[in-house]
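To keep things clear, I will list the structure first and then write my remarks on it.
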Amino acid sequence: MAHDQELDASGLNCPLPILRAKKTLNAMAAGQVLHVIATDPGSVRDFDAFAKQTGNVLTDSREEGGKFHFLITKG
């Protein structure tokens with residue numbers, strides 16, 4: 001899937017993937033898409049809640065080869 005920026009948060013545990021994603025999204029323009037890669041299983045729940053709380057849109061969430069991939073569109 002197409003994205004504007006990628007953040008590899010592999011090996012980081014909660015809350016670091018969320019904090020790094022927030023920092024990256026703050027520097028992005030509305031409508032741009034951030035691809036986050038994480039290895040923490042808790043990140044699935046975390047990114048869903050994060051998107052709802054921040055007004056961003058979680059457009060894709062999938063697990064592939066032990067890594068979790070999220071596409072977040074900045075609101």
Q) Which ones in segment 4-24 are open to solvent by 20 Å² or more (accessible area, probe 1.4 Å) and either touching a strand residue (DSSP E or B) at 6+ places or on another chain (Cβ under 7 Å) or within 16 Å of G66 (Cα to Cα) (or both)? A) D4, Q5, E6, L7, D8, S10, G11, L12, N13, L16, R20, T24
Q: Please find, within segment 25-43, the residue that is farthest from the chain's Cα centre (by Cα) out of those that are buried (at least 16 other Cβ atoms within 10 Å of the Cβ) and under 15 Å from H69 (Cβ atoms).
A: D40
Q.
Step by step: first the residues of segment 48-75, then only those that are assigned to a helix (DSSP H, G or I) and open to solvent by less than 30 Å² (accessible area, probe 1.4 Å), then the one that is farthest from A2 (Cα to Cα). Which residue is that?
A. F50
Q | Every residue from segment 16-47 that is closer than 20 Å to D4 by Cα, part of a helix (DSSP H, G or I) and either in contact with a Ser or Thr (Cβ under 9 Å, 6 or more places away or on another chain) or basic (K, R) (or both) | A | P17, I18, R20, K22, K23, L25, F47
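The values are calculated or read from the model by the stated rules, or taken from the named source; none is laboratory data. Predicted model only: the values in this text are computed from it and were never measured. A quick note on method: Cβ atoms are made from the backbone with ideal geometry, for glycine too, and the neighbour counts reach across all protein chains shown. For the accessible areas, the whole protein counts, side chains as well, though only heavy atoms, and no ligand, DNA or RNA atoms are used. Shrake-Rupley method; radii C 1.70, N 1.55, O 1.52, S 1.80 Å.
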